[in-house]
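Notes to accompany the following structure.
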Amino acid sequence: MPAATALRRLLPKPPLWVKPPLWVAMYHSITDAGDDPYRLTVSPVRFARQLHWLGDRGLRGVSVRELLDATAAGRAKGLVGLTFDDGYADFLDSALPLLRRHGFTATVYVLPGRLGGENAWDTDGPRKRLLTEDEILRIAGAGMEIGSHGLTHVSLTEADDAVLAAETRRSRELLEEMTGTPVDGFCYPYGQVDPRAIHAVRKAGYRYACAIDAGPHTSSYALPRVHIGEDDTSWRLTAKRALHPLRRRHPADLVAGRQALSAVGAP
């Protein structure tokens with residue numbers, strides 16, 4: 001029996017009236033992984049295999065904007081949101097060619113206050129270069145969605161009112177001036193979100209925002225996402241996709257899902 005079929009049979013069944021949450025994958029840096037204390041790096045070889053995994057299952061990677069538009073139109077079946085946080089420069093040479101080869105799109109969340117800089121917020125390193133304005137324009141020209149990850153990558157839940165406004169409203173203004181197109185999406189740095197941050201994002205004019213595990217704040221302004229890393233082989237991707245509908249349900253169901261994974265030997 002195929003592993004995916006065995007896994008589905010063991011998982012608790014959701015109520016018929018519950019729609020599965022959108023599946024949005026969260027990436028960061030695509031380059032050869034060396035020192036990676038925050039587990040943010042996926043090698044191009046692994047990334048290519050992950051894209052093949054999607055394609056082999058009839059799934060297509062799209063930007064979050066496209067995913068939400070398709071959902072509203074009732075045609076989101078088979079679509080998976082692909083997101084890239086922090087705006088690392090390696091996206092241009094490592095991720096973009098592979099995405100285009102598959103006919104996929106994605107959303108790249110960038111930091112207009114750190115153009116051409118580096119990820120100084122990652123205290124344990126390693127240092128990685130961030131996209132410049134010209135590189136962002138090249139990515140947008142290739143059909144990718146550009147979203148804001150804030151101005152300089154600070155936690156919005158700890159920011160005062162002035163910083164909060166700059167990280168949300170000002171970052172959107174700068175990106176729209178740069179690209180000449182509306183910027184619809186925001187991504188909370190560190191995935192940290194609370195009602196005050198959500199209010200600031202809505203007030204700044206964004207259509208949606210991505211978080212990680214937003215808990216009770218889950219909505220179109222705090223979309224949950226699935227972390228994808230170097231260790232995510234076909235087995236692990238199958239398990240993550242099967243478990244995803246349980247993530248917003250009762251904790252007991254999540255425990256049952258983990259037990260199901262163990263029963264079929266998922267890593």
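The values are calculated or read from the model by the stated rules, or taken from the named source; none is laboratory data. Please read these numbers as outputs of a predicted model, since none were measured by experiment. Heads up, the Cβs are rebuilt from the backbone with ideal geometry, glycines too, and the neighbour counts pull from every protein chain shown.
Please verify whether T71 is among the polar types (S, T, N, Q), closer than 21 Å to D122 by Cβ and at pLDDT 95 or above, treating the condition exactly as stated.
When the stated conditions are applied, T71 does not pass them.
Which of (1) over 18 Å from the mean Cα position of the chain (by Cα); (2) assigned to a loop (DSSP other than H, G, I, E, B); (3) surrounded by 16 or more Cβ atoms within 10 Å (Cβ to Cβ) is the odd one out, the single condition E135 does not satisfy?
(2)
Scan (1) outside any helix (DSSP H, G or I); (2) surrounded by 15 or more Cβ atoms within 10 Å (Cβ to Cβ) for the single condition W121 breaks and write down its number.
Here W121 meets the rest and fails (2).
Can you pull out the residues in segment 195-218 that are of a type outside the set (A, V, I, L, M, F, W, C) and on the phi < 0 side of the Ramachandran plot?
Answer for segment 195-218, where residues must be of a type outside the set (A, V, I, L, M, F, W, C) and on the phi < 0 side of the Ramachandran plot: P195, R196, H199, R202, K203, Y206, R207, Y208, D213, P216, H217, T218.
Against the condition surrounded by 18 or more Cβ atoms within 10 Å (Cβ to Cβ), part of a helix (DSSP H, G or I) and either of a type outside the set (S, T, N, Q) or at pLDDT below 95 (or both), how does L151 come out, does it pass?
Taking the combined requirement at face value, the residue does not satisfy it.
State whether one or more residues within segment 123-130 are within 18 Å of T152 (Cα to Cα), among the acidic types (D, E) and either at pLDDT 95 or above or in contact with a Cys (Cβ under 7 Å, 6 or more places away or on another chain) (or both).
No, that holds for no residue.
Is segment 190-202 home to any residue that is exposed (fewer than 15 other Cβ atoms within 10 Å of the Cβ), of a type in the set (A, V, I, L, M, F, W, C) and assigned to a helix (DSSP H, G or I)?
No, segment 190-202 has no match at all.
So which residues in segment 74-96 are charged (D, E, K, R) and without any contact (Cβ under 8 Å) to a residue 40 or more places away in the chain?
Selection gives R75, K77, D93.
All but one of (1) part of a strand (DSSP E or B); (2) among the small types (G, A, S); (3) more than 22 Å from G116 (Cα to Cα) hold for A162, so report the exception by its number.
(1)
Suppose we keep only residues that are aliphatic (A, V, I, L, M) and modelled with pLDDT of 90 or more within segment 215-252. Which one would you say is nearest to S29 (Cα to Cα)?
I228
Given the conditions (1) in a loop (DSSP other than H, G, I, E, B); (2) farther than 20 Å from V108 by Cα, which single one is not true for W53?
Against the list (1) in a loop (DSSP other than H, G, I, E, B); (2) farther than 20 Å from V108 by Cα, W53 comes up short only on (1).
Has segment 97-117 got any residue that is more than 24 Å from E66 (Cα to Cα), among the basic types (K, R) and either crowded, with 22+ Cβ neighbours inside 10 Å or touching a residue at least 24 places away in the same chain (Cβ under 8 Å) (or both)?
Yes, some residue in segment 97-117 is more than 24 Å from E66 (Cα to Cα), among the basic types (K, R) and either crowded, with 22+ Cβ neighbours inside 10 Å or touching a residue at least 24 places away in the same chain (Cβ under 8 Å) (or both).
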